[in-house]
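Reviewing the structure listed below.
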Amino acid sequence: MGEDVTIVEVGPRDGLQNEKEIVATEDKLKLISLLSKTGLSRIEATAFVSPKWVPQMADHDAVMRGAERRKGLELSALVPNEKGARAAIDAGAQALAVFASASEGFAQKNTNCSIAESIARFEPVAALARARTLPLRGYISCAIDCPYEGAVASDAVVNVANQLIALGCDEIAVSDTLGKASPAQVEVVLIEVLKSVPANQIACHFHDTSGQALANVDVALDLGIRIFDSAIAGLGGCPYAPGSAGNLATGALVRHLKELVFECGVDLEALAEVEQFVSRLI
Ligand code: HMG
Ligand code: MG
């Protein structure tokens, strides 16, 4: 038996937040239900963000309340602030994820505030997560480059990573928002982050614009990282990151991990059924 890798399925959130046509709530619930039958242990179900900013996630409450619960499956919610965290918890979120940026330009465009202000907004979120013993993840967007500022220094990523860990995040998700990172660039930033954050608290979130996401997964695996995000059928992108394409596709990630003899517990046949559903949906 190979070593375990955890996949965090972000399709219902990162995938559907970027679709021009807003997907009906009942289809989102069907998608999560199908995903929950594949053996995945973590699904990011929706985002409790402002519906004025991301109308695609405006039904977050109905999605979180209606999503199928399954033993061994954690349904998480992306939240930008206390308001989102309270609503997510009320709706039954089993984990929370805050999102910071390593670049000021993206922080402003995506959350209308500076990096420091975003971290301050996460403090009450972290307190709520602690009080409810809910796992808390902290994304770091633009860990390689930024659509508004170009190259991002590793120091900036390390700085945000340390702040998120100090805040109480159980895990940070080093994110290549634009999906154009090379394996060499990913290696540089991960080596720096690993100097202060242990591998078991690091996840990698790769968009796949340049087709390098699997090569980037390999770099992270070599460095001991065992948590990876992906989206069913390669859905995904960020409305505030022009040029960002889909996330690494879950099927491609699962096949790759199986070839490398890592265990991720996901059934490819069940996944194919979800892919067919998505292709009819989108
Ligand atoms: P703001 O306009 O500066 O906030 O937005 P505000 O506090 O002034 O509030 C304005 C209005 O929003 C108010 O309503 C608030 O109640 C409401 P009004 O009085 O005008 O009717 N509001 C909310 N409503 C629902 N849920 C909330 C919430 N908070 C305030 N949580 C804010 C600031 C952060 C809210 C806004 O900028 C926002 O929602 N941004 C989210 C953008 C987003 O979702 N981007 C995509 C996700 S991040 C991503 O994709 C990257 C990632 O995948 C990793 C990677 O790939 O890099 C994670
Ligand atoms: Mg993303």
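Partnerless cysteines in the chain, where a partner means another cysteine C-beta under 4.7 angstrom, comprise CYS113, CYS169, CYS204, CYS238, CYS264. Per residue, the stretch 6-281 exposes an accessible area of 39 Å² to a 1.4 Å probe, with every protein chain left in place. Summing charges over neighbours of PHE262, with a neighbour being any other residue whose Cβ is under 10 Å away from its Cβ, gives -2 when K and R count +1 and D and E count -1. If both residues of a DSSP beta bridge must be in the chain, then about 10% of such bridges are antiparallel. Each residue of the stretch 12-20 is assigned a 3J(HN,Hα), and the resulting list reads x, 9, 5, x, 7, 5, 10, 7, 4 Hz, derived from the Karplus form 6.51 cos²θ - 1.76 cosθ + 1.60 (θ = phi - 60°), x at Gly and Pro. Here the peptides 19-26, 231-238, 215-222 are ranked by packing, the mean other Cβ count within 10 Å, and the order with the highest first is 231-238, 215-222, 19-26.
When the chain is described by a simple charge dipole with +1 on each Lys and Arg Cβ and -1 on each Asp and Glu Cβ, the residue from SER141, PHE48, VAL266 located farthest towards its positive end is PHE48. Of the residues VAL193, ALA213, PHE122, the one whose Cα sits farthest toward the positive end of the charge dipole of the chain, with +1 on the Cβ of Lys and Arg and -1 on the Cβ of Asp and Glu, is PHE122. Each residue of the stretch 259-271 was assigned a 3J(HN,Hα) from its phi angle through the Karplus expression (A = 6.51, B = -1.76, C = 1.60, θ = phi - 60°), giving 4, 7, 6, 9, 9, 10, x, 9, 8, 5, 5, 5, 5 Hz with x at Gly and Pro. Taking Cα centre as origin and charging only the Cβ of basic (Lys, Arg, +1) and acidic (Asp, Glu, -1) residues, the dipole magnitude of the stretch 1-133 rounds to 320 debye. Bridgeable aspartates and glutamates around LYS52 (alpha carbons under 19 Å apart, same-chain partners fewer than 8 residues away excluded): ASP14, GLU19, GLU21, ASP61, GLU82. Take every pair of alpha-carbon atoms less than 8 Å apart whose residues are at least six positions apart; their mean separation over the length of the chain yields a relative contact order of 22 percent.
Taking a sphere under 13 Å around the Cβ of ILE172 and counting the other residues whose Cβ falls inside, with K and R at +1 and D and E at -1, yields a net charge of -3.
Per-residue Karplus couplings for the stretch 22-34, computed as 6.51 cos²θ - 1.76 cosθ + 1.60 with θ equal to phi - 60°, are listed in order as 6, 6, 5, 4, 5, 6, 4, 5, 5, 4, 5, 4, 5 Hz, Gly and Pro entered as x.
Close amide H partners of CYS146, meaning residues 5 or more places away or on another chain with modelled amide H under 5 Å apart, are ALA151, VAL152. Dividing the convex hull volume of the alpha carbon atoms of the stretch 6-281 by its residue count gives 108 Å³ per residue. Put a plus charge on the Cβ of each Lys and Arg, a minus charge on the Cβ of each Asp and Glu, and nothing anywhere else: the dipole of the stretch 34-110 about its Cα centre is then about 200 debye.
In this Cβ point-charge picture (+1 for Lys and Arg, -1 for Asp and Glu), the chain has a dipole of about 740 debye about its Cα centre.
Just the protein heavy atoms count here, and of the accessible area of the chain at 1.4 Å, carbon and sulfur take up 50 percent.
With the helix formula -39500 (n - 2.57) applied to DSSP H stretches of n ≥ 4, the chain reaches a computed 222 nm mean residue ellipticity of -12000 deg cm²/dmol.
Taking Lys and Arg as +1 and Asp and Glu as -1, the other residues whose beta-carbon sits under 15 Å from that of ALA127 total +2.
In terms of distances greater than 26 angstrom between alpha carbons, the cross-link table entries LYS71/LYS109; LYS28/LYS71; LYS37/LYS180; LYS83/LYS109; LYS20/LYS71; LYS28/LYS83 yield LYS71/LYS109; LYS37/LYS180; LYS20/LYS71. The distance separating the Cα centre of the stretch 134-192 from that of the stretch 229-254 comes to 17 Å.
The values are calculated or read from the model by the stated rules, or taken from the named source; none is laboratory data. Predicted, not measured: the structure shown is a model, and the values here were computed from it. Cβ: placed from backbone, ideal geometry, glycine included. Neighbour counts: every protein chain shown. What goes into the accessible areas is simple: the full protein's heavy atoms, side chains included, and nothing from ligands, DNA or RNA. Shrake-Rupley method; radii C 1.70, N 1.55, O 1.52, S 1.80 Å.
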